[in-house]
1. Limited to the range 207-223, what total is found for residues that are open to solvent by 60 Å² or more (accessible area, probe 1.4 Å), touching a residue at least 12 places away in the same chain (Cβ under 8 Å) and of a type outside the set (D, E)?
2. When you scan the range 77-94, do you find a residue that is at pLDDT 95 or above, of a type in the set (K, R) and on the phi > 0 side of the Ramachandran plot, even just one?
3. Mind listing just one residue for me: the one in the range 27-50 that is closer than 16 Å to L113 by Cα and among the acidic types (D, E) and, of those, most open to solvent (accessible area, probe 1.4 Å)?
4. Which members of the range 139-171 meet the condition of being charged (D, E, K, R) and more than 20 Å from the chain's Cα centre (by Cα)?
5. Do you know which of the residues in the range 95-130 that are among the polar types (S, T, N, Q), outside any helix (DSSP H, G or I) and out of contact with any Lys or Arg (no Cβ under 8 Å at 6 or more places or on another chain) is modelled with the lowest pLDDT?
6. Of a type in the set (S, T, N, Q) and free of Cβ contacts under 8 Å to residues at least 40 places away in the same chain, is that true of T166?
7. Taking I192 as meeting all but one of (1) open to solvent by 70 Å² or more (accessible area, probe 1.4 Å); (2) in contact with a helix residue (DSSP H, G or I) (Cβ under 7 Å, 6 or more places away or on another chain); (3) not in a helix (DSSP H, G or I), write down the number of the exception.
8. Which one of these does P170 not meet: (1) over 23 Å from A82 (Cα atoms); (2) modelled with pLDDT of 95 or more; (3) surrounded by 14 or more Cβ atoms within 10 Å (Cβ to Cβ); (4) not hydroxyl-bearing (S, T, Y)?
Amino acid sequence: MKIAVCVKEVPDAGPSRRIDPATLRMDRSGDRSLNAYDLNAVEEAIRLRDAAGEGEVVLVSMGAPRALESLRKALAMGADRAVLVSDDAAAGSDLVATSTVLAKALEAESPDLVLFGQQASDGDGAVLWAAVADRLRMPVISQISELEVANGTATAKRQTEFGYDTIAAPLPAVLAVADSLNEPRYPSLKGIMGAKKKPQETKGLADIGVDPSAAGEAGSRTTVLALSDPPSRGDTIKIEDDGTGAQKIFDFLVERKLI
């Protein structure tokens, strides 16, 4: 069984994460790493391959050339190879353009199963897997907390706000896994050293048959009109706790008839 896992390099969480006021896009010049939610998808792909006793786990991503450094963590975990689509014309891609590029890259791989993490920590849209599934014309199941693949069918337990649904879909299919599905393994020293020798291919848009007009800002269907600071909350009062802080808060609330 051939399993493709779509992964993404994202800026590290913290105060350094910001929107570039010049481009109105996220500043990706600082520290970055593999999206944490994608590690659950990588872990599940490795488990499925190992349980089957054969197969291949291939990472598929879109990003800057340096993204291969982050992808090596997934290779160190046990993925077999990586394919990175990197092209200047793809910079600034929104959901529409990104799904176009990833779908084309996946078509070239012809996987039996496509796995996604539930969302990316930089955008938190949690809809890319649905857009890719639509372009590939494959069934899709999201928020998977339990998964079984056998006899050409994926059977998943899906989390909902009202409980759980059990859904079965024929392969090939697109699956978006929840972070409750498993606990991603830590790469071993042997895995880290071996990751450098695994196949790591970088492709341009032309290599996967995507016209530049369908990617990047040209292929995007959303536009950021402006960027501004959050509105002021008005006057604030800072209470220093010198032992009477609780009383001061109580008096403040009473004065405003809030209690």
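1. The number of residues fulfilling the criteria is 4.
2. So far as the range 77-94 goes, no, none of its residues is at pLDDT 95 or above, of a type in the set (K, R) and on the phi > 0 side of the Ramachandran plot.
3. Among residues in the range 27-50 that are closer than 16 Å to L113 by Cα and among the acidic types (D, E), the one most open to solvent (accessible area, probe 1.4 Å) is D50.
4. Matches in the range 139-171: E148, K157, E161, D165.
5. S121
6. Against the criterion (of a type in the set (S, T, N, Q) and free of Cβ contacts under 8 Å to residues at least 40 places away in the same chain), T166 qualifies.
7. Here I192 meets the rest and fails (3).
8. Here P170 meets the rest and fails (3).
The values are calculated or read from the model by the stated rules, or taken from the named source; none is laboratory data. Bear in mind that the values here come from a model prediction, so they are computed numbers and not experimental data. Glycine gets a Cβ as well: all are built from the backbone with ideal geometry, and neighbour counts include every protein chain shown. Surface accessibility is based on the protein's heavy atoms, side chains included, excluding ligands, DNA and RNA. Shrake-Rupley method; radii C 1.70, N 1.55, O 1.52, S 1.80 Å.
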